[in-house]
Amino acid sequence: MKIGFIGLGLMGTGMAGNLLKAGHDVTVYNRTQSKADPLVERGAKRAGTIADACTGDAVVTMLANDTAVEETVYGAHGVLQNLPRKAIHVSCSTISVALSERLTASHASAGQRYASAPVFGRPNVAAEGQLFVMVAGAPDAIAAVAPILDAIGQKSFVISGTPKDANLVKLSGNFLIASVIEALGEAMAFVGKGGIDKRQYLEILTSTLFNAPVYKTYGGLIAEGVFEPAAFAAPLGYKDIGLFLDAGENLRVPLPLANLLRDRFLTLLAHGGERLDWSAIGQLAARDAGKS
């Protein structure tokens, strides 16, 4: 396929690289042009503008937030104005349900197709092509982008024919991950202040009751206190919990734990945690207990 890829952050770089590895014709764009250099060296074409990345069968966006997606899609030289009719915009970004609905309507009005395909996995998983993809959209659009999804992920879950549904699933998943981080942080603060070695405690947890990647990955970061460099920065976690709460309010679903998590992220950011990985909220309980 002829694919444009917009957004070469830690996640996007790995994803675009796997599209190249799968043999696709890939044109890459990033606001900071130098981030495209490693992919150009591997055979990607460099897009000088967003429009230059929108000439093929599909364009994939992997951007930080709603604002970045809106500017990329709705800008004067953006995706909406330049993507050919019947071509597909695949949004892998973690965005609001409301924006996903707006994108669906806008692309339909322009005679284009839209699929929402947010992913689960950290940058190392993206580089390995082992992401889990949540995809929703019209069946013909999902079928058309299957080669893209196969290249970036180990498995794709087709949620429904309505793109926003994939965003609902993604936001709920990030809420659950953040909940695990907070719970692990509190439990480790508890046993740590009682004199138990946190690494030994984590080994016990992940060898018995909680033998799952999310506990191993985030438990290890909390136990070691290693939150830099950030694979997923704390402001992004704060943003995602906010999007989850907004969607819950629209659905009239009370989310008391999500409100607590929002405050935990806000506390971390208030204490200068902007550059830390979002797992750093797991150290707040130890700090509150007087034990770092």
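Its alpha carbons considered, the chain gives a radius of gyration followed by a Dmax of 19.8, 64 Å. For segment 98-186, a crude dipole built from +1 on the beta carbon of Lys and Arg and -1 on the beta carbon of Asp and Glu, taken about the Cα centre, is about 180 debye to the nearest 20. Given +1 at the Cβ of Lys and Arg, -1 at the Cβ of Asp and Glu and no other charges, the dipole of segment 168-288 around its Cα centre is 100 debye to the nearest 20. A Förster radius of 30 Å, combined with the Cβ-Cβ distance separating Glu41 from Leu266, puts the computed FRET efficiency at roughly 0.15.
At full extension, Gln200 and Gln130 could sit 22.3 nm farther apart than now, given 0.36 nm per residue minus the alpha carbon distance. For the chain, relative contact order (Cα pairs under 8 Å, six or more residues apart, normalised by length) works out to 15 percent. For the residue pair Glu274 and Lys291, what label-to-label distance in nm results when each label sits 7 Å from Cα along the Cα-to-beta-carbon direction? Between Glu274 and Lys291, the label points sit 3.3 nm apart. Would you mind checking the pairs Lys2/Lys86; Lys170/Lys198; Lys170/Lys216; Lys2/Lys164; Lys170/Lys239 and listing those with alpha carbons more than 23 angstrom apart? Distance filter (> 23 Å) returns Lys170/Lys198; Lys2/Lys164.
Run the paramagnetic zone check for Lys155: 7 angstrom along Cα to Cβ, then residues of segment 94-122 with backbone nitrogen under 14 Å. Label zone hits: 120-121. The charge dipole of the chain, taken about the Cα centre with unit charges on the Cβ atoms of Lys, Arg (+1) and Asp, Glu (-1), comes to about 220 debye, rounded to the nearest 20. Using a cutoff of 8 angstrom between alpha carbon atoms and counting only pairs six or more residues apart, the relative contact order for segment 177-292 works out to 40 percent. Here, segment 168-288 yields an orientationally averaged convex hull projection of 7.4 nm² when only Cα atoms define the hull. Counting only whole DSSP H helices of the chain, the ones at least 27 Å long by C-alpha along their axis and with mean Kyte-Doolittle hydropathy no lower than -0.5 are 164-193. With R₀ set to 25 Å, the beta-carbon distance separating Ala76 from Thr55 gives a calculated FRET efficiency near 0.90. Mean separation of Cα pairs under 8 Å and 6+ residues apart, divided by the residue count of segment 2-162: what relative contact order is that in percent? So the answer I get is 21 percent.
Ordering Asp165, Asp197, Asp246 by the number of other Cβ atoms within 10 Å of each residue's own Cβ, fewest first, gives Asp197, Asp246, Asp165. Exposed loop positions in the chain were taken to be GluC sites (Glu not before Pro) whose DSSP state is not H, G, I, E or B and which have at most 14 other beta-carbon atoms within 10 angstrom. Between these positions, the longest stretch is 129-273.
Which trypsin sites (Lys or Arg not before Pro) in segment 203-276 sit in a loop by DSSP (not H, G, I, E or B) and have at most 14 other Cβ atoms within 10 Å of their own Cβ? Answer by residue number: Arg252, Arg275.
How much FRET efficiency would the formula 1/(1 + (r/R0)^6) give for Thr32 and Thr162, where r is the Cβ-Cβ distance and R0 is 41 Å, rounded to 0.05? E(calc), rounded to 0.05, equals 0.75. Here the extension length gained between Glu228 and Leu176 equals 16.5 nm, from 0.36 nm per residue of separation less the Cα-Cα distance.
All of the numbers you see were taken from the coordinates with simple rules; none came from a lab. Quantities reported herein were computed from a predicted structural model and do not represent experimental measurements. No Cβ is skipped: glycine too gets one built from the backbone with ideal geometry, and neighbour counts run over all protein chains shown.
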